[in-house]
Amino acid sequence: MSGIRLQGIKKRFGRVETIHGIDLEIGEGEFVVFVGPSGCGKSTLLRLIAGLDAVTEGVLEIGGRKVNDTAPAERGVAMVFQSYALYPHMTVYENMAFGLKLAKAEKARIDVKVREAARVLELDTLLDRKPAQLSGGQRQRVAIGRAITRDPGVFLFDEPLSNLDAGLRGQMRGEIARLHARLGATMVYVTHDQTEAMTLADRIVVLRDGRVEQVGTPLELYHRPANRFVAGFIGSPPMNFLSADALDLATEGTVEIGVRPEDLREVGSGQFKGEITLVEELGEAHLIHLETPAGPIVAKLPGAATHARGSEVHLDAARERLHRFDAEGNAIFSASAS
Amino acid sequence: MTWSPLQRIGFAALLGVIVLAAIFPFYYAVISSFRQGSELFEVSYLATPSLANYIAVFTEQPFGRNILNSVIVAFAVVAVSLGLGVTAAYALARVHFRGRGLLLVTILSVSMFPQVAVLSGMFELIRSLGLYNSLAGLILANLLLTLPFTVWVLTTFMRELPKELEDAAYMDGATPFQVIRHVFLPLLGPAMAATGLLAFIVAWNEFLFALTFTLSNEMRTVPVAIALITGASTFELPWGNIMAASVIVTVPLIALVLIFQRRIVAGLTAGAVKG
């Protein structure tokens, strides 16, 4: 078991700096998810922790030991790749045993480890198959099994579910969560899918352009985003941003008001009114798109739609559910809300 | 697609012409090798089996020794080419360094020189290394012909292998050599078989270097030995012996192709990396 500490981590490829000084502490046994749009440096950061790329500047510690120049296998980390990266010419058993074989472990010990991992991941009956004979979900489990057999203190996941179809993704998400509870190992998980981030993480790290935008628990990020970027990134459908001047909600320095679609309620007369331009039925709820003087709004209302396109509705949200942002896009927290 | 009878006949005729053009010269060599004396100069398409030519080839000169030489040279060239080729391809395909493109182009341009152009330089090199009239000298010279395309083909194949596979092996604690040995080599099997086979054919048939860098009959390889087979008088070319020798040395090539062709095809279909 081991925690991870990043101090002033920078990464340059040639002259291009992609990670601009990241400080982060990941506790022992914690499940931390890196999210951000593509190109934000989340995968690069993961590869730095893995040891596949070298840190340009700063100190990287795993389990209290500086590992800047330590080989990947000696860091006590294991990684699960997006494409699974199973060795195509080896059977499932050989794939999972490869790391231990390279470490010159005894045959009997390898066998125990592999069979145990196979049992946990329900791969017992597939040990003699080649990766080409497996389904996507099974391959993913083999990739995780390969990571487990080496007893790493830290698991690194690089968008592990993005090649699976939606149904399987939800199922594997559950399996990873159970695995974390069972092994108690530190896990770092990279994804661009905010549902995965919200459901799996103890803490989420939101990255943009090689910088940390905010670190916090999923609910902290959802309820108290530090800035406009985080507010817009977490939550689906995304938060509505409205010009503060067009509303009478403006307090000093507030340029924009943010409100989540699911926080809006239909009222007889309220802050936001406009004409419905689109209605989307989701089954348990419905989305209405509104054109208002302060900007377009999407609202998520319970049940089936009661209004048709073209009709005018009034919406409002509780005061404490409104988010205020200044000209730089930073959140303004009023004293009462904090 | 279904074909009309006419199309079928046309297709069969076309195939027949191609096969005939490819096979006929070899067929004529085979039947000639079984003929004797003036019989050789009559046009006839049937063989009258006689093994006299085959026996003569082995008794009139050290042809067994020549075959052994060819085998040693060809296998050594294949082994060294593939060994150097795979490691070079790993560096050229996987390691980022300055001048990689230039190096690749240089390697390719080496193979563009006609053999005669490098002959004198190669002669000096081999003499200064003390390898004149030895098999080691021939192996070295043949590498000049086989290494460029071996490196190129293997580099191309190696580039196609996913990067994450290599990363996964590093995470499992592999060294670069272990990555090549345990991950890349098995996946490169079909490419290795194909390039190895080509290298073998080049080395087996190589004539000019083998003629120039050897002196004694005992060091000659088969192509040179065949060319230098002489008859009873200076005015007679012993066609029967030459044909018999040619047939003998072609057989191993055909056998190798047949063996590896299967492996190449099997490898190509089973080698799906992503599946």
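Worth a mention:
- Highest mobility in the GNM of chain B, judged by mean-square fluctuation with C-alpha springs under 10 Å and restricted to B:Gly130, B:Gly196, B:Gly16, is found for B:Gly16.
- Counting, for every residue in B:158-171, the Cβ atoms of other protein chains within 10 Å of its Cβ and taking the mean gives 6.
- Cross-link partners of A:Lys130 among lysines, defined as those whose alpha carbon lies under 26 angstrom from its own and excluding same-chain residues fewer than eight positions apart: A:Lys101, A:Lys104, A:Lys107, A:Lys113, B:Lys163, B:Lys274.
- Percent breakdown of C-alpha pair distances by 5 Å bin, ordered from the shortest bin, for the stretch B:119-264: 2, 8, 13, 13, 15, 12, 12, 10, 6, 4, 2, 1, 1, 0, 0
- Spatially, the stretch B:145-162 and the stretch A:215-231 are offset by 50 Å when compared through their Cα centroids.
- Cross-link partners of A:Lys273 among lysines (Cα-Cα below 29 Å; sequence separation of 8 or more within a chain): A:Lys300
- Those lysines that a straight Cα-Cα span of less than 18 Å connects to A:Lys10, excepting residues fewer than 8 apart in one chain: A:Lys42, A:Lys66
- Calculation over all alpha carbon pairs of the stretch A:186-233 in 10 angstrom steps from 0 returns a P(r) of 27, 62, 11 percent.
- The stretch A:198-329: relative contact order as a whole-number percent, Cα under 8 Å and 6+ apart: 23
- Rg over Rh for the stretch B:22-112 works out to 1.29, using Cα positions for both radii and the Kirkwood form for Rh.
- The ellipsoid that matches the Cα gyration tensor of the stretch A:38-173 has semi-axes, each √(5λ) in whole angstrom, of 26, 20, 11, with the longest given first.
- For the stretch A:1-45, taking the reciprocal of the average inverse distance between every pair of different Cα atoms yields a Kirkwood hydrodynamic radius of 11.8 Å.
- Using alpha carbons only: equivalent-ellipsoid semi-axes of chain A, gyration tensor based, whole Å: 44, 25, 15
- Once each of the GluC sites (Glu not before Pro) sitting in a DSSP loop with at most 15 other beta-carbon atoms within 10 Å is removed, chain B keeps B:43-235 as its longest stretch.
- Calculated [222 nm] ellipticity per residue, helices only, for chain B: -24000 deg cm²/dmol; basis is -39500 (n - 2.57) per DSSP H run with n ≥ 4, divided by all residues, nearest 500.
- For chain A, the share of DSSP beta bridges that are antiparallel, to the nearest 5, is 75%.
- When the alpha carbon gyration tensor of the protein assembly as shown is reduced to an equivalent ellipsoid, the three semi-axes, largest first, read 71, 29, 23 Å.
- Gyration tensor verdict on the stretch A:34-97 (Cα atoms; rounded if a/c is under 1.5, prolate if a/b is larger than b/c, oblate otherwise): oblate
- Checking every one of the GluC sites (Glu not before Pro) in the stretch A:230-329 against DSSP loop status and a limit of 13 other Cβ atoms within 10 Å picks out A:Glu252, A:Glu284, A:Glu328.
Bear in mind that the values in this text are calculations on the coordinates, not laboratory data. From a predicted model like this one, the values you see are computed outputs, not experimental measurements. FYI the Cβ positions are ideal-geometry reconstructions off the backbone, even for glycines, and counts take in every protein chain you see.
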